[in-house]
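Reviewing the structure listed below.
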Amino acid sequence: MNTLIKKAVAARKNAYAPYSKFKVGAALEASNGKVYTGCNVENSSYGITVCAERVALFKAVSDGARKFKRIAVVAETKGPCPPCGICRQALHEFSPALEVIMANTKGRTRKVKLKNLLAHPFSLNNH
Ligand code: THU
């Protein structure tokens, strides 16, 4: 298993998912090589739950990082776990060329470019 996926697997252990019981881990590699991890954090007020990918992204951005090379996402899914639409848009803001490594806990993986996962990203620059 590649290093970034291993970090996502480790981050997943901290997932706070008492409602869905669906634990997700993410590991985001910045352009300088630093890796930021995240897990999903749920809440009694379901709608304010934050996905693992955005936890990793916001940790990174708040640390000053702005450009990213790769993200690994892992969950206990049948096939490799894809990031949700909100997370795709959030990641696209910083790195449209991001490589997304989808994985599951059984070690199945799939690599896709973010621009191929998010066909028509929203951008204020298009207005
Ligand atoms: N979740 C993520 O962490 N990432 C995704 O890309 C999709 C969904 C979380 C949110 C919630 O805690 C649980 O998975 C079920 O939707």
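The values are calculated or read from the model by the stated rules, or taken from the named source; none is laboratory data. Keep in mind the model is a prediction, meaning the values are calculated, not measured. Methodologically, a virtual Cβ is constructed for each residue, glycine included, from the backbone with ideal geometry; neighbour enumeration extends over all protein chains shown. Surface accessibility is based on the protein's heavy atoms, side chains included, excluding ligands, DNA and RNA. Shrake-Rupley method; radii C 1.70, N 1.55, O 1.52, S 1.80 Å.
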Considering each residue of the stretch 36-51, count those that are under 20 Å from residue 121 (Cα atoms) and open to solvent by less than 30 Å² (accessible area, probe 1.4 Å), and give that number. 0
I'd like to verify a number: residues in the stretch 1-16 that are of a type in the set (A, V, I, L, M, F, W, C), under 20 Å from residue 84 (Cα atoms) and in a loop (DSSP other than H, G, I, E, B), how many? 1
In contact with a Gly (Cβ under 7 Å, 6 or more places away or on another chain), more than 11 Å from the ligand (Cβ to nearest atom) and either open to solvent by less than 20 Å² (accessible area, probe 1.4 Å) or in contact (Cβ under 8 Å) with a residue 12 or more places away in the chain (or both), is that true of residue 9? yes
For the subset of the stretch 74-103 comprising residues that are within 13 Å of the chain's Cα centre (by Cα) and farther than 27 Å from residue 125 by Cβ, which member is most open to solvent (accessible area, probe 1.4 Å)? 80
Looking at the stretch 41-55, I want the residues that are modelled with pLDDT under 95 and have a partner that is open to solvent by less than 40 Å² (accessible area, probe 1.4 Å) with Cβ atoms under 9 Å, at least 6 apart or on another chain. Which pairs are those? none
Regarding residue 60, is this residue within 21 Å of residue 7 (Cβ to Cβ) and either open to solvent by 20 Å² or more (accessible area, probe 1.4 Å) or under 15 Å from the mean Cα position of the chain (by Cα) (or both)? yes
Considering (1) open to solvent by 60 Å² or more (accessible area, probe 1.4 Å); (2) touching a Phe, Trp or Tyr at 6+ places or on another chain (Cβ under 7 Å); (3) not small (Gly, Ala, Ser), say which one residue 120 fails and leave the rest. (2)
